[in-house]
Amino acid sequence: MNETMRVIMERRSIRKYKSQQVADSELQQILDAALYAPNAMNQQKWHFTVIQNKDMLDKMVDIIKENIMNSGNEFFIKRVSTPGYHTFYNAPSVVFITADESAQWVEIDCGLAAENITLAATALNIGTCVITSAGLLFASEKGNALRKELGIPEGYKFVCSVALGYKDCENPAAPPRNKEVINYVK
Ligand SMILES: Cc1cc2nc3c(=O)[nH]c(=O)nc-3n(C[C@H](O)[C@H](O)[C@H](O)COP(=O)(O)O)c2cc1C
């Protein structure tokens, strides 16, 4: 199989990571891939916050849990109540992708950057998981108070996060895909 196709087909959401930190040289390549994602009018109204401090990540998870417990959302409450719950699956690195809330198309730009991160990481045998539930961090004042410490630019909103780390599991099987979503007009 063509190498690019192999990487696309082999990328899986990884939910078990080693504690060993991702090598800086590999992380730099992954972040470069993010910056080279297609983006509307090359506006680059995105920001990438790379969090590698375990205490900070655990603090964020505590606030996310608290916010979920206060949300009344039964699905999420059940999920965070399971033993060992950690929004980022204890990944040693997490990239928060935020975007200028006044710019157009930024969700698409950031989604494409997130995909480039996951594919570049897969090519380097590094596991990833796109995680949007992390956005619940900003559902309380306590969470928003971390914006400055995290270096999120003023006027930027959360789009998604990507957990990164060396896999501590076999590559999971791909969840099934519905092939009935394509039609052709020839
Ligand atoms: C926009 C988006 C949000 C996601 N949010 C979460 C999340 O909060 N937690 C999680 O464990 N996985 C999350 N995922 C991963 C999906 O569950 C996963 O991509 C999907 O089940 C397909 O599996 P695969 O990535 O292994 O192909 C998210 C993926 C996307 C694209």
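The values are calculated or read from the model by the stated rules, or taken from the named source; none is laboratory data. Everything quoted here is computed from the prediction, not taken from an experiment. Counting neighbours? That spans all protein chains shown, and the Cβs are built from the backbone with ideal geometry, glycine included. In case anyone asks, the SASA skips ligands and DNA or RNA and just uses the protein heavy atoms, side chains included. Shrake-Rupley method; radii C 1.70, N 1.55, O 1.52, S 1.80 Å.
For the stretch 24-46, which residues satisfy the criterion of being within 22 Å of Glu101 (Cα to Cα) and either surrounded by 14 or more Cβ atoms within 10 Å (Cβ to Cβ) or not hydrophobic (A, V, I, L, M, F, W, C) (or both)?
Leu31, Ala34, Tyr36, Ala37, Pro38, Asn39, Ala40, Asn42, Gln43, Gln44, Lys45, Trp46
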Per-region count, the stretch 52-67, residues out of contact with any Ser or Thr (no Cβ under 7 Å at 6 or more places or on another chain) and under 26 Å from Val106 (Cα atoms): 2
One residue from Ala174, Ala163 being open to solvent by less than 50 Å² (accessible area, probe 1.4 Å) and within 24 Å of Ile30 (Cα to Cα): Ala163
Unmet criterion (only one of (1) within 15 Å of Asn125 (Cα to Cα); (2) out of contact with any helix residue (DSSP H, G or I) (no Cβ under 6 Å at 6 or more places or on another chain); (3) in contact (Cβ under 8 Å) with a residue 12 or more places away in the chain; (4) assigned to a helix (DSSP H, G or I)) for Arg15: (4)
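So for the stretch 53-70 (the condition being among the polar types (S, T, N, Q), away from the ligand (no atom under 14 Å from the Cβ) and open to solvent by less than 80 Å² (accessible area, probe 1.4 Å)), does at least one residue qualify?
no
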Close pairs from the stretch 158-186: first at pLDDT below 95, partner open to solvent by less than 100 Å² (accessible area, probe 1.4 Å) and not small (Gly, Ala, Ser), Cβ under 6 Å, at least 6 apart: Asn171/Arg12
Filter result for the condition that a residue is over 30 Å from Glu10 (Cα atoms) and within 16 Å of the ligand (Cβ to nearest atom), over Lys179, Lys157, Lys167: Lys157
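Condition first: basic (Lys, Arg) and surrounded by 14 or more Cβ atoms within 10 Å (Cβ to Cβ). Now tell me which residues in the stretch 143-157 satisfy that. Step through it out loud before you land on a result.
Filtering the stretch 143-157 down to residues basic (Lys, Arg) leaves 147-148, 157.
Selection gives Arg147, Lys157.
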